[in-house]
Amino acid sequence: MTNRPRRATQAAAVGVAAVLAAASLIGGAAQAVPPAPPAPAAVPDGALTLTPDPSYQGEEFEGWGTSLVWFANATGDYPDEIRNRLAELVFGPEGLNLNIARYNIGGGNAPDVKDYLRPGGAVEGWWKAPEGTTREDTDWFDPEDPTDWNLEADATQRWWIDRIKQDITHWEAFSNSPPYFQTVSGYVSGGFNATADQLKTESIDDFNSYLVRVVEELEDAHGITVDTLDPFNEPNTNYWSTRLDASGQPVGGRQEGAHISPQLQQQVLRNLAPKLDAASTDATISAMDETNPGTFATNWNTYPEDVRALVDQLNVHTYGTGQRTTVRDIAKGEDKPLWMSEVEGSWGNGQSFTSMEPGLGMAKRIADDLRELEPSAWVFWQPVEDYDNMKPGGESAAGANWGSIQMPFDCTNADTLESCPIYTNTKFNTVRNYTHFIRPGDRLVQVNDDDTTAAITETGAAVVHINESTDAKPVVLDFSKFGTVAAGATVTPVVSDANGALVEGTPVAIEAGSAVVTAPAESVTTFVVEGVSGIAEDAAAIQDGHVYRLQGVQSGKSIEPTGTTAVISASDPADAGQLFRFTSLGEDNTNRERYSITTLDGASQLADEGGAAVVAPAGANPRAEWIASTTGDGTYTFVNAETGLLLEVGGGSAAEGAAVTLYIANSGANQRWTLIDETVLSVQDATAFTVPGIAPVLPETVTPVYRDGARGAIPVEWKVPNDNRWKKSGTVKVKGIATDLTGTQFPVELSVTVDTLVSTQPARAKAVVNGLPSLPATVTAVGSQGGTVERPVTWNTAVAYPAPGVYELAGTADDGNGGTLPATVRIQVTEGTLDNVADDGGTTARATYTEPGYGTAGLFNGDTRDKAWSNWRSGTKNAADTLTVTLPKAQTLGGVVVHFFRDGSSDSYAQTVQLQVQGANGQWTNEGGPVAVRGGSPAPAVTLPIASVTASNVRVVMTARSQTHMVVSEIEVLGSVPAASSDVALASISLDGTPIEGFDPAVTEYSVPARGKVPAVSVVTADPYATATVTQPSGGDRTAVVTVTSEDGTATSTYRVDLTK
């Protein structure tokens, strides 16, 4: 449910005229594409590339919905002008365009109980008590007695059924609480103990009879088909309690709810199933509408197999967001549809009808739910809220933004739209970017960005992107993973921001498989794509028949067979035992596709045998079928299709030889695996060098090329030429055959340079003032015929340079003939500048506590918007936690930046952060004092300065806000690195290799006599990292033009050389 005091809430409003205008800006599809849209613009620097991947797609999307419940109960008897307008805003094609409705079967308090529930919360029950019945009378109801029923009940919510039934494709009924006479407390707002069972066990049969009879009557009276029935709502929580005042009258809670423990849930489901089977309805059971994925999993994992089999649809809420992937994998293991069946929230600080915070926050929740849960439907709690509760001074001092639409819940028959106004906030706008363009029957697909949702549609695709930044963002839409991009394919942006809702832009042509578009600041943009279809052959991350290494996210080690069992072992790309071949068993390209995972020889396959991962004989085996799941971060879980258990390393062990096991889904890092495609696609040609008269030493290995690029080495055999081929200078081509670990052979060519090396080209390096340079291991040597080759070099001892400038250091290079050549490295020395050194590779982090599935691995991936580390836990939250960062080597540090992540509507940030640095003596010391972290949206980034300390270990000690978890997206460690130079001077200009006499870098024009053949002009830049382009004299123009561009790109200079006759 919604609107609990424990959650922050917020709302926004606009007048009626604005509602009418906003709702009519655009319909559910883009307008006709003009015949000749403009060509795409050049790709700007810093553009975000979005790549939808139709090879990983969901089942057909069932759509978007809402519970009717409070808002329908409150407004169903409003004047037609008001309620019909509201219906259009919620279900109409210009409104939220919802197609799923959940009918709330009210419980109802006793006739003598004065209403104390929130406006709209007292949904009428379908029972009719005898005259004079009080709360003390609880044993009168007989479901077989027609006189105990009020089949005309709940007229207000039922008005909505008739009004919208032509728009609805799926009806669901659900219960928040049994009727008062079936509860332990005698009230529908919960028990006196919020964690004690509220449904009386002796009332289970009557309760289910009540639910089933209501469903039958709904179908008969309204001509609808109820598809699913959920008897619970957030049952295993401590939300639902009744409080009495001093006089014994109930004063809260303010909504219907009942604690029903997992054990009692099982009894209810076992009793309900046969009643549905015997009833006139074809409705099936959905369950259990739990408040968050973690609690859902707790409930589900207690259900025995016979109870699980009774549930046809899994329903979960996301008022907590941890362990979404747990429920995703449960649904896949059970082969059942999964709904995100309820959520709402308030984003922003205080009620606002114009702030983009609510709209962006709601959009982010939708995007995260769709990516991590992979649901087949997404349903609001209720998109209409009571304006009086949401306004400042209502449920909170500042007001709140629950609901996309707000209106008074106490209007009368005398009211009009002017006296009972309807308000919308920016959630109403941004939600429609999803509901108008991702429709039932479409399929959600993977996309490489957490702020983006993509789907394939009948005519192409819809890509919805959230830009929370205050700056516009250039976006490249990459359609390379689609099989076909038709001629004339286009992308049309439809933008919701502070300037308007669903504003359609100009179509942009897709050229060469991509389009360049813009996401405005603080906006949600739907890119409507026309003309793309199919799936590219190389799109899928898991390619049928390819071989992979399964490397544990938590352990860093790879699966390897040992006898008939599977263990983890130190990752070794050269170990054929760590390679497994994936074979599709269905080729349906959905996110529920099944695979067999076999050893290289094809004789054995991974299987589940009693909770152990075994290497079983190949062949048909239901326990050897695996479903791969991913959020798009490059890691996967593997669900056994028969048992529903996940491949993992028990206990999170990282020990060499630890057993690979199977266990229930829990979103733990020990259940996630990085798939490394070790299928060799080709082999890079190689080079070698020798001097005339000496046969070269041919390389024993060559570099293979994989899907992710060239890496590693595989053995090669060469067809060696006879010795005569090495007598003269030149290039000799040698043919060879390379063989990968699977036995596949690849032709390869070796180019051998035969020459005498005569000189070396200057190398370059960087250093900060008073810091040592990082020197290259090779230099480019020049042969007598002008060819070049890289040769090993030994440098003289480097020193720390005291001032900026360019310095030279001498060395000697191996000439390949037993001698050496003089070598020089030019060292650019600059004042240090602070840059993030934590993302250079090799940085690690550890935490004092980690929520399963949200470890430290993502803290250095460069994405400041993703949910990386979290310390969420059920119940009492941690008061403090520490993140410790270890760099691969000690560096001069100048600060740390902690990027927090806003988890839904929660300020999931530390209250204060204290930075500490570990000295050479191993002691930790504070750097400055605790730094306060602001609340609100967007999520803050906190900079913690360091007074120039050389260290490799830092840590941030975070003190939490009261009963609030903390989420960190990224940690930057700022180290001193060489700055980019702005120098654009030349060090020399040469004609046919002879320097111009009297050259002065400050002089930019030269006139030099040159008779006969026009000499070639070459230059050396003063800064070794500057670039120079030379336009040589040509034809009658005897002027050479040299353009120098600084390393940092901020400056250029031009030199001219006139060659006079």
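Where a number appears in this text, it was derived from the coordinates with a stated rule and is not lab data. These numbers come from a predicted model, not from an experiment. Reconstructed Cβ throughout: ideal geometry from the backbone, glycine too, with neighbour counts over all protein chains shown.
The simple spin-label model puts a point 7 Å past each Cα toward its Cβ; for T562 and N621 those points are separated by 1.9 nm. Spacing of the modelled spin labels on A803 and T925, each 7 Å from Cα toward Cβ, amounts to 3.2 nm.
This structure gives Rg and Dmax of the Cα atoms in Å, computed directly, and of [x] 34.6, 123; [y] 32.7, 110; [z] 33.5, 101 that value is listed as [x]. Helical content of the chain, expressed as a calculated mean residue ellipticity at 222 nm, amounts to -3500 deg cm²/dmol (DSSP H runs of 4 or more residues, -39,500 (n - 2.57) each, divided by residue number, nearest 500).
Can you compute the label reach from E831? Point 7 Å from Cα along the Cβ direction, backbone N cut-off under 20 Å, restricted to the stretch 934-965. Residues passing the 20 Å test: 945-950. Computed over the chain, relative contact order equals 9 percent, with contacts defined as Cα pairs under 8 Å that lie 6+ residues apart.
Taking square-rooted eigenvalues a ≥ b ≥ c of the alpha carbon gyration tensor, is the stretch 659-812 rounded, prolate or oblate, where a/c under 1.5 means rounded and, failing that, a/b exceeding b/c means prolate? Oblate shape, in that a/c is at least 1.5 and b/c is the bigger or equal ratio.
For the stretch 102-135 versus the stretch 902-938, the inter-centroid distance based on Cα atoms is 50 Å.
Does the stretch 547-677 come out rounded, prolate or oblate, given a ≥ b ≥ c as the square roots of the eigenvalues of its C-alpha gyration tensor, rounded meaning a/c under 1.5 and, failing that, prolate meaning a/b above b/c? Rounded shape, in that the Cα axes give a/c under 1.5. Highest-first packing order for the peptide set 669-676, 759-766 is 669-676, 759-766, based on the mean count of other beta carbon atoms within 10 Å.
Spread over its residues, the convex hull of the C-alpha atoms of the stretch 89-223 is 125 Å³ per residue. Shown for the stretch 704-771: lysine pairs separated by 8 or more places, or found on different chains, whose C-alpha atoms are under 28 Å apart, numbering 5.
Sequence neighbours fewer than 8 away in the same chain don't count; with that in mind, list the aspartates and glutamates whose C-alpha is under 19 Å from K391. Candidates past the 8-residue exclusion: E344, E357, D410, E418. Exposure proxy shown here: for I627, I164, the number of other Cβ atoms within 10 Å sets the order, fewest to most, as I164, I627. Of all DSSP beta bridges confined to the chain, the antiparallel ones make up roughly 80%. Placing a pseudo-label 7 Å from each Cα along the Cα-to-Cβ vector at V476 and N953 gives an inter-label distance of 4.2 nm. Rounded if a/c is under 1.5, else prolate if a/b beats b/c, else oblate: with a ≥ b ≥ c from the C-alpha gyration tensor eigenvalues square-rooted, which is the stretch 680-766? Taking the square roots of the gyration eigenvalues as a ≥ b ≥ c, the stretch 680-766 is oblate.
Just subtract the alpha-carbon distance of E216 and E418 from 0.36 nm times their residue separation and send over the number in nm, one decimal.
Taking 0.36 nm per residue and subtracting the Cα distance, the gain is 68.8 nm.
For the listed peptides 718-724, 559-565, a ranking on the average number of other beta carbons within 10 Å per residue, highest first, reads 559-565, 718-724. When each of the peptides 186-199, 268-281 is scored by how many other beta carbons lie within 10 Å of its residues on average, the order from highest to lowest is 186-199, 268-281. Can you tell me the 0 to 90 degree angle between the C-alpha axis of helix 155-164 and the longest principal axis of the chain, rounded to 10? Relative to the chain, helix 155-164 is tipped by roughly 50 degrees. With R₀ set to 51 Å, the beta-carbon distance separating A659 from T147 gives a calculated FRET efficiency near 0.20. Helix 204-222 axis versus longest C-alpha principal axis of the chain: approximately 90°, rounded to the nearest ten.
Taking the DSSP bridge list for the stretch 43-187 and keeping only pairs wholly inside it, about 10 percent are antiparallel. Placing R0 at 25 angstrom, the Cβ-Cβ distance between T1039 and S982 gives a FRET efficiency of 0.40 after rounding to 0.05.
Here the extension length gained between N770 and T225 equals 188.4 nm, from 0.36 nm per residue of separation less the Cα-Cα distance. The stretch 182-229 and the stretch 724-738 have Cα centres separated by 85 Å. Among E344, E700, a tally of other beta-carbon atoms within 10 Å of each Cβ gives an order, fewest to most, of E700, E344.
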